[in-house]
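Read the structure below first, then the notes.
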Amino acid sequence: MDAQKITQIAIRGRWAVAGIFLANGFLTGSWAPQIPVFLTRLDISKFTLGLLILLFGAGAVTAMTWCGHLISKHGSRTVLRWFGLAGSLGLLVVALAPNVPLAAAAMFIFGGSIGGMDVAMNANAVAVERRLSRAIMSSSHGFWSLGGFAGGALGGFAIQYYGHLAHATMVTALAFAVMAVAIRYLIAEDKHPVAEHHKFALPANPLVYLIGLMALLTMISEGAVLDWAALYLRQELGADLAVAGLAYAAFSGVMAVMRFLGDGVRNRFGAIMTLRASALAAAAGMLVAGLAPSPWLAIAAFAFCGLGIANMVPIIFSAGGNQEGMSSGTGMSVVTTMGYSGILVAPSAIGFIAEHSSFGPIFVALSGLLIVVLLMAGLAHRAEFAAEPAPAE
């Protein structure tokens, strides 16, 4: 096969995996406006709702833990097809659940399909990066952010005018259509010789766990802004509801834009330098947000924090998927599981601390965690990928 044909296949694979990132974000974002309906429809308390949402996270972490093993055996393309098609149906299954026991099972399955899809699509993005010998991870996460924004923004309107079931059906149809087209053009990575095993086993290389720790520290900060920034502005800085809601909007909006620009920055300056600069910016933004005397300064600081965090996770994921002596799926499974565990555990821990303190010192402390990532940035050297020869098609 000539070089031009190989490049065309890789470029199609790049846009295919971008489409799947978009669909995953759209499905995740579309779940958020379903939550109030979910609460009233099942006539449950907020405590029960919290447990059901925790089951979503438990399903995601369970699937992420096993996904590396599946990718090692079958390749990211095959595994992504399985989880992608299953994930397209997840929101509809939750919307159809008539009672709490079935809703619990539906949430676990939905979380598992989204979590498995997440690992597989990141592993496939690493394969595309190797094939093209250039970064595409940041823009791929940009498509995820774009999908999440679209899902959240359109969901409330659709539910209000058409009902929660019609909304879930429309989301399923759109996601499934994107998946059906995208999975045809996904590329396959070379099978890693070390990954020729049939028993589930955690990798022995300690470096991948340190990379996972970097993901954990970064995503704890991301989750803290998502869950607590609005309450911080409302309760401690005196903002009204409309202004308080701008904290995460500014953070996520700047993050989405920067993710689309991030691959060019990373290709020009290198992964390690980009990660160091990003961590420094994120830490500075978080520090100023925690010390801010006014809501608008805090909003600007959270936006600056989003500018930094935008490319930290994609670079860390690339490093995890390029670890020596293991398949991209195995490394990605460890790093994503550790990273997303931070988003699951941090909100409750931060809420408990805030009961006895205030949010300002918590955000200041989180800036310290981002400085730890800055100091560990050299460990992400495997994100500086080399070209990978294409397998015979």
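The values are calculated or read from the model by the stated rules, or taken from the named source; none is laboratory data. Computed from a predicted model, the values in this text were never measured in an experiment. Here the Cβ is made from the backbone with ideal geometry for all residues, glycine too, and neighbour counts use every protein chain on show. Side chains are part of the model used for accessible areas, which takes the heavy atoms of the whole protein and leaves out ligands, DNA and RNA. Shrake-Rupley method; radii C 1.70, N 1.55, O 1.52, S 1.80 Å.
Being at pLDDT 85 or above and either out of contact with any strand residue (DSSP E or B) (no Cβ under 7 Å at 6 or more places or on another chain) or not polar (S, T, N, Q) (or both) is the requirement here; does G238 meet it? Yes, satisfied. If you go through the stretch 232-242 and keep only what is open to solvent by 60 Å² or more (accessible area, probe 1.4 Å) and in contact (Cβ under 8 Å) with a residue 60 or more places away in the chain, you end up with Q235, E236. Contact map, the stretch 4-24: residues that are within 17 Å of A120 (Cα to Cα) paired with residues that are among the polar types (S, T, N, Q) and crowded, with 22+ Cβ neighbours inside 10 Å, Cβ distance under 6 Å, separation 6+ or inter-chain. Pairs shown: V17/N124; A18/S140; F21/S140.
Number of residues in the stretch 94-113 that are under 15 Å from A63 (Cβ atoms) and under 22 Å from the mean Cα position of the chain (by Cα) equals 8. Could you list, in sequence order, all residues of the stretch 273-283 that are buried (at least 18 other Cβ atoms within 10 Å of the Cβ) and either in contact (Cβ under 8 Å) with a residue 40 or more places away in the chain or aromatic (F, W, Y) (or both)? T274, L275, R276, A279, A282, A283 - these are the residues of the stretch 273-283 that are buried (at least 18 other Cβ atoms within 10 Å of the Cβ) and either in contact (Cβ under 8 Å) with a residue 40 or more places away in the chain or aromatic (F, W, Y) (or both). Confirm whether L102 is surrounded by 20 or more Cβ atoms within 10 Å (Cβ to Cβ), free of Cβ contacts under 8 Å to residues at least 60 places away in the same chain, over 20 Å from A182 (Cβ atoms) and not aromatic (F, W, Y). Considered against the rule, which asks whether it is surrounded by 20 or more Cβ atoms within 10 Å (Cβ to Cβ), free of Cβ contacts under 8 Å to residues at least 60 places away in the same chain, over 20 Å from A182 (Cβ atoms) and not aromatic (F, W, Y), L102 comes out as no.
Within the bounds of the stretch 365-382, is there any residue that is modelled with pLDDT under 75, on the phi < 0 side of the Ramachandran plot and either part of a helix (DSSP H, G or I) or β-branched (V, I, T) (or both)? Checking the stretch 365-382: not a single residue is modelled with pLDDT under 75, on the phi < 0 side of the Ramachandran plot and either part of a helix (DSSP H, G or I) or β-branched (V, I, T) (or both).
Let's see how each residue does on (1) within 30 Å of R41 (Cα to Cα); (2) open to solvent by 10 Å² or more (accessible area, probe 1.4 Å); (3) of a type in the set (D, E); (4) modelled with pLDDT of 90 or more:
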| position | (1), (2), (3), (4) |
| --- | --- |
| N122 | no, no, no, no |
| R130 | no, yes, no, no |
| W144 | yes, yes, no, no |
| A153 | yes, yes, no, no |
| A166 | yes, yes, no, yes |
| A177 | yes, yes, no, yes |
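For the stretch 28-76, filtering for residues that are over 20 Å from A153 (Cα atoms), open to solvent by 30 Å² or more (accessible area, probe 1.4 Å) and either hydroxyl-bearing (S, T, Y) or part of a helix (DSSP H, G or I) (or both) leaves 20.
The single condition among (1) surrounded by fewer than 22 Cβ atoms within 10 Å (Cβ to Cβ); (2) not in a helix (DSSP H, G or I) that V181 does not satisfy is (2). Just the residues that are modelled with pLDDT of 75 or more, closer than 24 Å to L233 by Cβ and surrounded by fewer than 23 Cβ atoms within 10 Å (Cβ to Cβ), please, taken from the stretch 312-353. Hits for the stretch 312-353 are I350, I353. Report whether or not V265 is among the aliphatic types (A, V, I, L, M), touching a Ser or Thr at 6+ places or on another chain (Cβ under 7 Å) and at pLDDT 80 or above. Considered against the rule, which asks whether it is among the aliphatic types (A, V, I, L, M), touching a Ser or Thr at 6+ places or on another chain (Cβ under 7 Å) and at pLDDT 80 or above, V265 comes out as yes. Cβ-Cβ contacts under 6 Å between residues 6 or more apart (or on different chains), taken from a first residue in the stretch 116-127 that is closer than 13 Å to W144 by Cα and part of a helix (DSSP H, G or I) to a second residue that is open to solvent by 10 Å² or more (accessible area, probe 1.4 Å) and at pLDDT 85 or above, are listed as M117/F83.
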